[in-house]
Amino acid sequence: MPILYLARMCTTISVLRERSPFRQKDDPEVVLENYVDDTHGFMRVEIDDETITARYIAVPRPHDPPETPPRVADLFQLQYKPNKLIR
């Protein structure tokens with residue numbers, strides 16, 4: 001099963017904050033309705049024969065207590081053959 005990890009750097013998205021919801025000019029059907037810019041973490045994307053599963057794992061920020069555990073902050077699953085969102 002292929003697995004892809006995408007890291008999120010601590011970056012303020014000031015342009016999006018001013019114009020949320022944000023639509024891309026080249027694909028107006030894609031809309032960024034909400035976002036979080038105060039967490040650190042990464043996204044784990046798993047792809048199998050039927051499903052794409054993506055989990056955003058939030059990790060402790062530098063000022064959080066060291067014993068703060070990582071957590072799944074967001075999750076989605078998509079059956080891509082029938083194009084059906086599972087969760």
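Please treat every number below as a calculation from the coordinates, not as lab data. Given the structure is predicted, the values throughout are model-derived calculations rather than measurements. Quick reminder, even Gly has a Cβ in these numbers, built from the backbone with ideal geometry, and neighbours come from all protein chains shown.
The ratio of the alpha-carbon radius of gyration of the range 23-87 to the globular-protein estimate 2.2 N^0.38 Å is 1.42. At a Förster distance of 35 Å, what's the computed FRET efficiency of residue 86 paired with residue 38, Cβ-Cβ distance as r, to 0.05? Step by step, r from the Cβ atoms, then E = 0.80.
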